[in-house]
Amino acid sequence: MAEISSGLATNYIYACTRMRVRRSLLIPREDYLRMLNMSLPEITRFIGETNYRSEIDELGTSFSGINLVEEALNWNLAKEYQNILELVPGELKYFTASYLRRWDIQNVVTILRGKLQGVQPGKLKEVLIPAGRLDKVALDRLLAEESPERVVEALKGERFYPVLEKELPRAMETGSFAHLENELYKGYYARLIADATGGIKGGSIFLKYIKLEIDTRNIQNLFRLRAGRVREDVRGLMIPGGSFSVEELQRLSGLEDRDEFIDALKRQVRTAPLLNTLEAIRGKSALHEVEVALTRVQLDQMVRMSKRYPFSILPVVVYLEEKKYEVANLRALARGKEAGLPGERLQGYLVM
Amino acid sequence: MVDVGTTLEMVQASQAGMSALGAGLAVGLTGIGAGIAEMAIGSAAVGATAENRDVFGLVLLLTVIPETIVIFGLVVALLLLF
């Protein structure tokens, strides 16, 4: 990776400070609580006064109601991520680009699903978030293709093409892209680990984040599988590379009793905040509460790590993740208000 | 080190030279120190200003705080020379 300039420490300080300032401008908890008591037009006006102003103004003439919020959030997220990719230097750019590839997977799977169900390209375009390597032009080209096979063909040369090529016939046969999606994400995490361990400066710190992310995802998946009463072999559904081996996760998923499962999980975990969260989860039955609690503890852990390594990839990733959840929260709020859900119920779905 | 054959003038000249050297080092080294300190603060200041222009006045003040070290160096230099 000789083409990546290591640069001076000043570049890191500059980029990480910008990320910290941006993070401080994210919507605080108090504002979410206020928004829980607002109607959809009020929420739209409220976010129109924050960082989303330019998108709300720009799209206000073409969209209205929930679609306006949804589009403005998508546009803002894509613009923000692309902007960050431009401003971070050297190795940070390499790791950020590596991290952002998850949006390519999300976009490609959305296009494949849409194509299979015959959704109009215009409608499909509204839900894409061009935040990864595939920009608007590349996604437009994919949208213009007629069938899922042609879409995959057009992606020849991309990192995930081999997985797509291998898994597409099965997905087309069964009509479900779930397995394909799982394989793509597993490939994504494997690639992240490969990028982090490729000998680039700062890779070991990036690896710490990746392991944390994989662990959280695996634990969340174990809870989901329990909630769905799936007792089959889960090895294929787990992401390898975290601090738990796939065999261990399989053993954990085999435990019948929920308390016993949480106890076994606690024995494997070392960090105090996660232990406390697992203990708190014991009293929670709703799956979304468990997921939100685990996400929250992951974000807190990442913030702590970013303070230990203040000028590394971590402040960038912390901002990217928190921004992602801000958009997800606002979307959940807007969608919930549209569906007429009460504020107390919606609160449980927000990562605050 | 003064040789046996050294005259008083030579000793005085040597002392003046050493003082000048010390003064130079006092200003030079503190200047380098301030530069290193300002490098980090300056990059963070530019980053913060890029995101929020309102903090420009504050970060400018923070950036020049390490200059005090040079002032200490300058005072020491002046004391040495005069």
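The values are calculated or read from the model by the stated rules, or taken from the named source; none is laboratory data. Worth saying up front: this structure is predicted, and the values here are computed from it rather than measured. Cβ placement follows ideal geometry from the backbone for every residue including glycine, while neighbour counts extend to all protein chains displayed.
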**Q.** Number of the condition not met by A:Ala78 [criteria: (1) within 14 Å of another protein chain (Cβ to nearest Cβ); (2) modelled with pLDDT of 90 or more; (3) in contact with a Pro (Cβ under 6 Å, 6 or more places away or on another chain)]
**A.** (1)
**Q.** Among residues of the range A:269-311, those that are part of a loop (DSSP other than H, G, I, E, B) and either more than 19 Å from A:Leu249 (Cα to Cα) or in contact with a helix residue (DSSP H, G or I) (Cβ under 9 Å, 6 or more places away or on another chain) (or both), counted
**A.** 10
Q. In the range B:42-75, what count of residues is obtained for those that are under 24 Å from A:Leu26 (Cα atoms) and either in contact with a Phe, Trp or Tyr (Cβ under 9 Å, 6 or more places away or on another chain) or within 14 Å of chain A (Cβ to nearest Cβ) (or both)?
A. 16
Q. Tell me, which helices (runs of 4 or more DSSP H) wholly within the range A:166-256 include 3 or more residues that are under 22 Å from the mean Cα position of the chain (by Cα)?
A. A:178-196, A:203-227
Q) Given the conditions (1) surrounded by fewer than 16 Cβ atoms within 10 Å (Cβ to Cβ); (2) modelled with pLDDT of 85 or more, which single one is not true for A:Val246? A) (1)
Q) Taking into account only those residues within the range A:22-49 that are within 14 Å of another protein chain (Cβ to nearest Cβ) and not in a helix (DSSP H, G or I), which is surrounded by the most Cβ atoms within 10 Å (Cβ to Cβ)? A) A:Leu26
Q) Of all residues in the range A:255-274, which are more than 14 Å from A:Leu212 (Cβ to Cβ), without any contact (Cβ under 8 Å) to a residue 24 or more places away in the chain and of a type in the set (A, V, I, L, M, F, W, C)? A) A:Leu255, A:Ile262, A:Ala264, A:Ala272
Q: Go over the candidates A:Arg226, A:Arg231 one by one and state the one that is surrounded by 17 or more Cβ atoms within 10 Å (Cβ to Cβ) and among the basic types (Lys, Arg).
A: A:Arg226
Q: Return a yes/no flag: does the range A:3-21 have any residue that is surrounded by fewer than 13 Cβ atoms within 10 Å (Cβ to Cβ), in contact (Cβ under 8 Å) with a residue 60 or more places away in the chain, assigned to a helix (DSSP H, G or I) and within 14 Å of chain B (Cβ to nearest Cβ).
A: yes
**Q.** Residue match in the range A:170-192 (condition: exposed (fewer than 15 other Cβ atoms within 10 Å of the Cβ) and touching a residue at least 60 places away in the same chain (Cβ under 8 Å))
**A.** yes
Q: Examine the range A:61-74 for a residue that is free of Cβ contacts under 8 Å to residues at least 40 places away in the same chain, more than 14 Å from every other protein chain (Cβ to nearest Cβ) and assigned to a helix (DSSP H, G or I), and state whether such a residue exists.
A: yes
